[in-house]
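Visitor: This is the structure I want to talk about, given as structure tokens.
The values are calculated or read from the model by the stated rules, or taken from the named source; none is laboratory data. For clarity, every value in this text was computed on a predicted model and none was experimentally measured. Here Cβ is always computed from backbone atoms with ideal geometry, including for glycine, and neighbour counts include all displayed protein chains.
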Amino acid sequence: MRKIVEDLIRVDGVIGSLLVGKDGLVVASTLLDPEDAEVLGAMSAAVYGEIDKSTKRIGVGTLVDAIIDAQEGSILLLEAKDLILVVITQRMVNLGLIKMEMRRAARRISEAVPI
């Protein structure tokens, strides 16, 4: 799992990535500060879960992915099996390319995680 997460930081504009359980526990991270990884992991799981509940409730279906846009960059969230893939980017990036690489990583994660 760590290799999959590490491969994402090779994409231009990606400054960090992690894989978290839906309970917020970090499975793998490229962040240097473990405390930052724990905080981001917990926040990502909570946000993903709440948005998913809301999209289902309003009738647009299960959440596919989400982008949190901030002043200096973005945080992208994508479900990968029963995990959440999180990518942190710089401000000016090709989000389409990053989403494509995240989907590729999610497929690799799905293949690596037993059913």
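Visitor: I'm checking my understanding of the structure. Among residues of segment 1-40 that are within 21 Å of Val93 (Cα to Cα) and of a type in the set (Asp, Glu), which one is surrounded by the most Cβ atoms within 10 Å (Cβ to Cβ)?
Guide: For segment 1-40, the residue satisfying everything is Asp7.
Visitor: Something else now. Any chance segment 45-58 includes a residue that's more than 13 Å from Val87 (Cα to Cα), acidic (Asp, Glu) and in contact (Cβ under 8 Å) with a residue 12 or more places away in the chain?
Guide: Checked against the condition, which is being more than 13 Å from Val87 (Cα to Cα), acidic (Asp, Glu) and in contact (Cβ under 8 Å) with a residue 12 or more places away in the chain, segment 45-58 yields no hits at all.
Let's see how each residue does on (1) of a type in the set (S, T, N, Q); (2) outside any strand (DSSP E or B):
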| site | (1), (2) |
| --- | --- |
| Leu19 | no, no |
| Val27 | no, no |
| Glu50 | no, yes |
| Ser54 | yes, yes |
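Visitor: What's the number of the condition Val93 fails, among (1) of a type in the set (A, V, I, L, M); (2) under 20 Å from Gly13 (Cα atoms); (3) touching a Lys or Arg at 6+ places or on another chain (Cβ under 9 Å)?
Guide: (3)
Visitor: Please find, among Ile84, Ile88, Ile67, the residue that is β-branched (Val, Ile, Thr), farther than 14 Å from Ile15 by Cβ, surrounded by 14 or more Cβ atoms within 10 Å (Cβ to Cβ) and touching a residue at least 60 places away in the same chain (Cβ under 8 Å).
Guide: Result: Ile84 is the single residue among Ile84, Ile88, Ile67 that is β-branched (Val, Ile, Thr), farther than 14 Å from Ile15 by Cβ, surrounded by 14 or more Cβ atoms within 10 Å (Cβ to Cβ) and touching a residue at least 60 places away in the same chain (Cβ under 8 Å).
Visitor: Among the residues of segment 60-100 satisfying the criterion of being outside any strand (DSSP E or B), closer than 18 Å to Ile4 by Cα and in contact with a helix residue (DSSP H, G or I) (Cβ under 9 Å, 6 or more places away or on another chain), which is modelled with the highest pLDDT?
Guide: That would be Ile98.
Visitor: Here is a check on your reading of the model: is Asp36 closer than 24 Å to Met100 by Cα and not β-branched (Val, Ile, Thr)?
Guide: The answer is no for Asp36.
Visitor: Can you run down the residue pairs with Cβ atoms below 9 Å, 6 or more apart or on separate chains, where the first is in segment 91-115 and on the phi > 0 side of the Ramachandran plot and the partner is part of a loop (DSSP other than H, G, I, E, B) and modelled with pLDDT of 95 or more?
Guide: No pair meets every condition.
Visitor: Determine which single condition Arg10 fails, assuming it passes every other condition in (1) in contact (Cβ under 8 Å) with a residue 40 or more places away in the chain; (2) assigned to a loop (DSSP other than H, G, I, E, B).
Guide: Just one mismatch for Arg10, condition (1).
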